[in-house]
Structures are given as structure tokens and as C-alpha cells.
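Data first, discussion second: the structure below is written as C-alpha cells.
The values are calculated or read from the model by the stated rules, or taken from the named source; none is laboratory data. The shown structure was predicted, so the numbers you read here are calculated from the model rather than taken from an experiment. Every residue, glycine among them, receives a Cβ derived from its backbone with ideal geometry; neighbour counts consider all protein chains shown. Only protein heavy atoms, including side chains, enter the accessible area calculation; ligands, DNA and RNA are left aside. Shrake-Rupley method; radii C 1.70, N 1.55, O 1.52, S 1.80 Å.
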Amino acid sequence: MTNLTLNEDETMLVDSARGFLDEASPVEKFRELRDAGKAYNPELWKQMADLGWTGVLVPEDQGGIDMGHAAANLLAQEMGRTLVSSPFISTAVMAATALRQVADNPRAAEALAQIASGDLTYALALDEGVKHAPSKTQLQAERVGNGFSLSGEKTFVVDGGSADRLLVLARTGDAEGALTLFDIPADRDGITRTAQNMIDARDSAQISFEGVEATGEDVVGTVDQAMSVLNPALRAGQAALAAEMTGLSSGAFGMTVSYLQERKQFGVLIGQFQALQHRAAHLWSDIEVTTSTIANAGRMMDEDPESAALAVSLAKARACQTAKLAVMEGVQMHGGIGMTDAFDMGFFMKRARVAQEWLGDYGYHAEQIAKIKGY
């Protein structure tokens, strides 16, 4: 049976992360970024790198701390609690996981070292439609001499407007699985990035590729076999995003309970109303169950990654539902003020809505669970 309790190192990681983020990046800091039109704070990112967080999945040979996916999920969960905006999941989780699959390649090893130092950020250009579906990629990578020419469009590229490099999924053959992953600079000729106005005020872009040149050195792994490299990265990102959403749920819950303990109606604290107590207790229980699925996903990713798909999809599916419940209850129990931009609860609701869609929504992961279980 998988042990879901935190070990000593993980407990220390959570305590230090919570203490640091409560001081360096409370929710007010996100409001400041939103109002200034900034995707994230580079100074905070550098501080996270100095703490070793950007290298949490980078091998020690490349300067990382290599604590594993369970630790990465714990960091993502703490970031969700205070709505930290950063390229952590795109870069330190997904890109790092993809590149370490080919870490024997000198170029990949160098990129991993730069991720660990906080000097390099990535975005994954995967989807082309309204829903997460990497296997349906149509962006073409046509062979030209010893290289390729990439043409097509990618949408909902999270952190795509600010990333230094892109991991681009492209079709290199007619067969369904003939997909190749390319690692290219985001400013290469032929690439046009257009910012998408997301309700959570995070960095997202639509990216056009018009005859973008790519060499054999830009291929991550093997031509026509992108998913062998990408699948572990996707599972890592889905688990970390689920953890962030669970942290978000905890943050919204904490704000709601605090309000119940201070708001009076008819001269009585509304937290004394039994109906609201029952709703708060139900939400707390739901968050606890989802937290256990996050812990299980992290352990599976570390101990048996080839069999982790079920645990990861279960975690993401539950996190979608829990976050939805947490923000809906938060807004409703705050009454009218919960609907105003002046109050922070709206930030939690907007982030939850976008996070539900990124890397597969509830329906996508419920379908994956059904396929794995043979239903």
C-alpha cells in the first residue's frame, strides 16, 4: 500500500515553502501583478531558483535537487494556496521531466542546468483546438534536407508569451502516432506569439509557425516517437496542476472560514449557523480526500511512473471538482462581496476555471480513467 504521509524532508519543504510564500507572495502580490499587466515576477522566480525549487525534478548532475514528483506537487500545492503566478509547472515540472528523458544528450543536459538555475523558462506548445488533445496535432513538420520546416498554429500555450524556449509537438508522418517533439527558441524566425486574454490574468498565447526551420538537433528524443518523451511530462504537469488546484481550494476554504468567523447577521456570527457549518465541513472533507489523491499520484510518479496514468487522471479529475466546489461555496458564503473584484475570492474562481481546462478537463480525465479500467 502506498504511504501517503509526508516524510521528514517533505514536511520541512512544506513548512519552508509556506513560510516563504506567505511573506514573499501573498494573494495581494498577485493583484499587483494583474493590475500591472505582468505575467509573473522574475525576482520571485529567481528566489525560487535560489531555494532549489526550479531544480526539484532536475538531476543533481545538472545542478538540481531531484526530490521527485511528490515534492514538486507539494510546492505546486503551496503556490496554489496564495495564487502564485510563475512558470513553475511549464518549466520546472513538464519541461524538466521531458528533457530528463533524454538527459544523456549534451544539449538537454545544458537546458536542465539552466532550468535549475532559474535562467531558462519553457512553454509547451501542444494543443490546437478548444480541448486538450495532443494526439490530434496537425501542425506540420515537413522534411527539408536534413531538417524540418514547421507550419501551423498552437493555442492556449500557457507561459507562451514570456517563455525563452518552446517544446513544440508536430506531425511528421501520416500515421496517428507519427508525432515529433522539437525544442526551439521562442524568438526563432517564423514564430509569431499573440497574447490571449485569459480570465485568470496569467500568461497564455496563441503561436503561429510559418516555415520555422528546425534541425535534427532540435528533436527531443526520436522522430515520430514524441509521446514516449511527452507522456511522462504530461502526467507530471497534470499531477502538479491538480496539486495547485487543491492548494487553491485550501486557500479559498481558509478565506471562507475566516469570513464565517467574523461576519455577523442579526447580531450572530454566521459561522454559528448550522447549515453553513455543514457546508464548510463537507468542503473540508472533500479537500482532504483530493489531497490524498494528489499524494498518491506523486508517489506513483516517483515509484512506478509507467503505471501512474490512472492515479494522475484521478487526481486531476477530483481536483477539478473540488476546486469548483471550493470557489462556488466561497463566493456564495461571502454573499454580495464575493462577486466583486475588490475581494480576492474572484481570483481563486477565475484561476480554478482556467486550471480545469489546462492539460485536460474533468471529462477528459474521466474518459482516461474509464479506458484504463476497461469500462
Indicate the gyration tensor shape class of segment 1-137 (rounded, prolate or oblate), computed on the Cα atoms with a ≥ b ≥ c the square roots of the eigenvalues: a/c under 1.5 is rounded; otherwise a/b larger than b/c is prolate and the rest oblate. rounded
May I have the pair-distance distribution P(r) for the chain, computed from all Cα-Cα distances with 10 Å bins from 0 and rounded to whole percent? 5, 24, 33, 24, 9, 3, 1, 0
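Put S151, S249, S228 in order of accessible area, largest first, 1.4 Å probe: what do you get? Write out the running numbers ahead of the final one.
Values: S151 55, S249 0, S228 80 Å².
Of S151, S249, S228, the descending order of accessible area is S228, S151, S249.
Quote the FRET efficiency, to the nearest 0.05, computed for N197 versus A133 with a Förster distance R0 of 35 Å and r equal to the Cβ-Cβ distance. Each step should come with its number before you reach the end.
Numbers: r = 23 Å, r/R0 = 0.65.
After rounding to 0.05, the efficiency reads 0.95.
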Residue-normalised accessible area of the chain, given per residue in Å² at a 1.4 Å probe: 44 Å²
Taking the alpha-carbon set of segment 227-373, what are its Rg and Dmax in Å? 17.1, 62
Ordered by residue, what ³J(HN,Hα) values in Hz, to whole numbers, does segment 91-105 give under the Karplus form 6.51 cos²θ - 1.76 cosθ + 1.60, where θ = phi - 60° and Gly and Pro are x? 9, 6, 9, 6, 4, 4, 5, 5, 5, 6, 5, 10, 5, 6, 7
For K154, give me every one of the lysines with a C-alpha distance below 25 angstrom, ignoring sequence neighbours fewer than eight places off in its own chain. K38, K131, K136, K316, K350
Which value at 222 nm does the chain reach when only helices count, each DSSP H run of 4 or more adding -39,500 (n - 2.57), with the total divided by all residues and rounded to the nearest 500 deg cm²/dmol? -16000 deg cm²/dmol
Taking a label point 7 Å from the Cα of Q261 along the Cα→Cβ vector, which residues of segment 333-362 have an amide N closer than 19 Å to it? 333-335, 344-345
Separation between Cα centres of segment 123-146 and segment 16-87, rounded to whole Å: 29 Å
Given a 1.4 Å probe and the protein chains all in place, what does the accessible area of V144 round to, in Å² to the nearest 10? 90 Å²
In segment 20-153, what percent of the accessible surface is made up of carbon and sulfur (1.4 Å probe, ligands and nucleic acids excluded)? 45 percent
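How about segment 103-181: which GluC sites (Glu not before Pro) there are in a DSSP loop, with at most 16 other Cβ atoms within 10 Å of their Cβ? Walk me through the numbers before you get to the answer.
Numbers: sites: E110, E128, E142, E153, E176; in loops: E128, E176.
Loop-located and lightly packed - E176.
Using DSSP to define loop residues, name the GluC sites (Glu not before Pro) in segment 237-321 whose beta-carbon has at most 10 other beta-carbon atoms within 10 Å. Provide the component values of the computation, followed by the final result.
Numbers: sites: E244, E262, E288, E303, E306; in loops: E262.
Listed in order of number, the matching sites are E262.
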